[in-house]
1. Examine region 385-394 for a residue that is over 13 Å from VAL307 (Cβ atoms) and away from the ligand (no atom under 16 Å from the Cβ), and state whether such a residue exists.
2. Which one of the conditions (1) surrounded by 15 or more Cβ atoms within 10 Å (Cβ to Cβ); (2) within 16 Å of the ligand (Cβ to nearest atom) does ALA619 fail to meet, given that it meets all the rest?
3. Under 9 Å between Cβ atoms, at least 6 apart or on separate chains: pull out the pairs that start in region 355-375 with a residue that is within 9 Å of ALA342 (Cα to Cα) and in a strand (DSSP E or B) and end on any residue that is within 8 Å of the ligand (Cβ to nearest atom) and polar (S, T, N, Q).
4. Inspect all residues belonging to region 472-481 and state whether any of them is open to solvent by less than 10 Å² (accessible area, probe 1.4 Å) and closer than 25 Å to ASP611 by Cβ.
5. Yes or no: region 206-219 includes at least one residue that is aromatic (Phe, Trp, Tyr), surrounded by 16 or more Cβ atoms within 10 Å (Cβ to Cβ) and within 23 Å of GLY15 (Cα to Cα).
6. For region 322-339, enumerate the residues that are outside any loop (DSSP other than H, G, I, E, B), farther than 18 Å from GLN363 by Cα and in contact (Cβ under 8 Å) with a residue 24 or more places away in the chain.
7. Check off (1) within 16 Å of the ligand (Cβ to nearest atom); (2) open to solvent by 60 Å² or more (accessible area, probe 1.4 Å) for VAL612 and give me the number that stays unchecked.
Amino acid sequence: MHFAFDRAERGNMCGIVAYIGKKDATPILINGLKRLLYRGYDSFGFAVMNEKNNIDYFKKPGRLDEEEKNLSKMGLEGATGISQSRWATHGEPNQVNAHPHVDCREEIALVHNGIIENYATLKAWLKEHGHKFRSDTDTEVIAHLIEEHNNGDLLKAVQKALSLVEGTYGLGIISKHEPNTLIGARKGSPLAVGVVKNGEYILASDPAAIIEHTKKVIYLDDGEVVKLTRKGMHITNLENKKVQKQAQEIQWDLEQIEKTGFDHFMLKEIFEQPQTIENAIRGRALINENRIQLGGVSDWLDFLTNVDRVVFLACGTSWHAGLIGEYLFEHIAGIPSEVEYASEFRYKSVPIDTRTAYFVISQSGETADTLESLRKIKQGGAKVFGIVNVVGSSITRETDAGVYLHAGPEIGVASTKAFTSQVTVLSQLAILLGVRRGKAVPKEVRSRIDALVKIPLQVQEILDQNEKIKQLAQKYYKFNNFLYLGRGFNFPTALEGALKLKEISYIHAEGYPAAEMKHGPIALIDENMPVVVVATDTEDVIYQKVVSNIEEVKARSGNIIAIATEGNESIKDLVTEVIYVPKTNGYLTPLLNVIPLQLLAYHIAVIRGCDVDKPRNLAKAVSVE
Ligand code: M6R
């Protein structure tokens, strides 16, 4: 069983494609879904209206592009169909939870992208009314709701069902009772109708699945429902009021669409961070109640509050997030904490302690060393918690409980948005446990939560400086060595900045706690060694010490790129370049400071002509030793 997670999340992480016309729907759906795999790929499924006007469907866990053989055996034939490639949010990625979902009689089938927040209440109500559920998903309630309200008019039944639903959806729906109809609906999750010609349409969560058939699209707005038949199209709102919409011409080519206009997935993912951090906070940082709620660990709060210490285990970027976790847990929650490289821990003769809470942190949930460490801890009889992005991944299945990141698929090999989501989750865990351990007064909690909810907008302010950072990259891309310095919460930020640069640009870069410089690395400094210094936290005692380190570099002709807090004018006289970030509470500074470091690494790598999304020798999930 995979671990529980906070149900109040939203997600737009699946790809949906549907077709109505005169052609065989299945190949169109398969090709369309292949174009959307970058959105989610843990399972997939199809439903097609056959010539006897019954619905045939096929669904399966796994990646669609790795299942070509199975696809040819599906035996789905018909000219109306729906399909989905899933990125799980509710229920693990197995066959039953894959889309399409059907009603009790298998007469209505639908695919969904989004999250139904009130699904538990609706499910209980529907069960009382005799509906039988098959899956653990939130989506299935919609099929049963439509069945419940189906009085011979599918469009009206859909409108009624959706008026009862809270949350987000992009939907494709077919029904045996109206075999010549395809219905789409949208709220919070994108949905577009591709107009091939009058009476032939492709409905998709993303124009990438449409563009090979037509460039003419109608983007649905929230609250709109479209009824597509071989006679034409009819758009209404949920109150059945007709809506007039104009078709638009798609301007982008396919590759641009998949990357939503960005040149690389990495850049797209860097720019998604205001949203992904928001996803990691929503329904968790309850500002009006001045508290943090993390559904995934709610049954374990007594245990977590009373442990003697915490150990974080991870690799790579996730290990850097763990290091920040150590600072956060010690500073905010007063819990002695340690961080281990999972690759070291798994072979260490280390006593497993049942009074320790072990946290494994992983974007993919499949990293071999992290997984083996988790198994070793479990064998030792202790509890392990996960902080993971990929729903239903191996780590989530083997941990006792955990918190999901809900950052959506991270395609670029260099981890960016997963890192900031990990730090966001760790921050919230630290606040939650700090309160329970009596380490924080309500005023302090308020100022921390206030600062946290402002982070997405502040990240956007930094992203708005992208052009400036690109120019900086032009100036520095020829150097072959970089040093990154930071202290306290931002020592791991320096490590992460250095890792980003080295893995995508192949420039040698090292991160150091700033004060360690004088114990060795200072010997390297000259005009050929740019030094990136994270120098925010001006009110912290450490700041003056970082300034001293800057002076030391300057005295040796080093070029200094400083990350500093807005308003800090005096730093300009000390350094070669300054990138300003907005002011925030000290514990959150890594979330802001890492953004310019990600952008700097990205632009330097692009200028050097590197394959940013697939750097040499690296894999996205290191599932072998
Ligand atoms: O999926 P995980 O978070 O467990 O992956 C851990 C590392 O392999 C990963 O962070 C790696 O270091 C990235 N390439 C960093 O950008």
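The values are calculated or read from the model by the stated rules, or taken from the named source; none is laboratory data. These numbers were taken from a predicted model, which means no experiment stands behind them. So basically every Cβ, Gly included, is an ideal-geometry build from the backbone, and we count neighbours across all protein chains shown. Just so you know, the surface numbers come from the protein's heavy atoms only, side chains and all, with ligands and any DNA or RNA stripped out. Shrake-Rupley method; radii C 1.70, N 1.55, O 1.52, S 1.80 Å.
1. No, region 385-394 contains no residue that is over 13 Å from VAL307 (Cβ atoms) and away from the ligand (no atom under 16 Å from the Cβ).
2. Among (1) surrounded by 15 or more Cβ atoms within 10 Å (Cβ to Cβ); (2) within 16 Å of the ligand (Cβ to nearest atom), the lone unmet condition for ALA619 is (1).
3. VAL360/SER318; VAL360/THR367; VAL360/THR370
4. yes
5. No, region 206-219 contains no residue that is aromatic (Phe, Trp, Tyr), surrounded by 16 or more Cβ atoms within 10 Å (Cβ to Cβ) and within 23 Å of GLY15 (Cα to Cα).
6. Those that are outside any loop (DSSP other than H, G, I, E, B), farther than 18 Å from GLN363 by Cα and in contact (Cβ under 8 Å) with a residue 24 or more places away in the chain: TYR327, LEU328, PHE329, HIS331, ILE332, ALA333, SER337, GLU338.
7. (2)
A quick yes/no check of all residues on (1) touching a residue at least 24 places away in the same chain (Cβ under 8 Å); (2) surrounded by fewer than 23 Cβ atoms within 10 Å (Cβ to Cβ); (3) not charged (D, E, K, R):
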site: ASN150; (1), (2), (3): yes, yes, yes
site: PRO179; (1), (2), (3): yes, yes, yes
site: ALA185; (1), (2), (3): yes, no, yes
site: GLY194; (1), (2), (3): no, no, yes
site: GLU200; (1), (2), (3): yes, yes, no
site: ASP221; (1), (2), (3): yes, yes, no
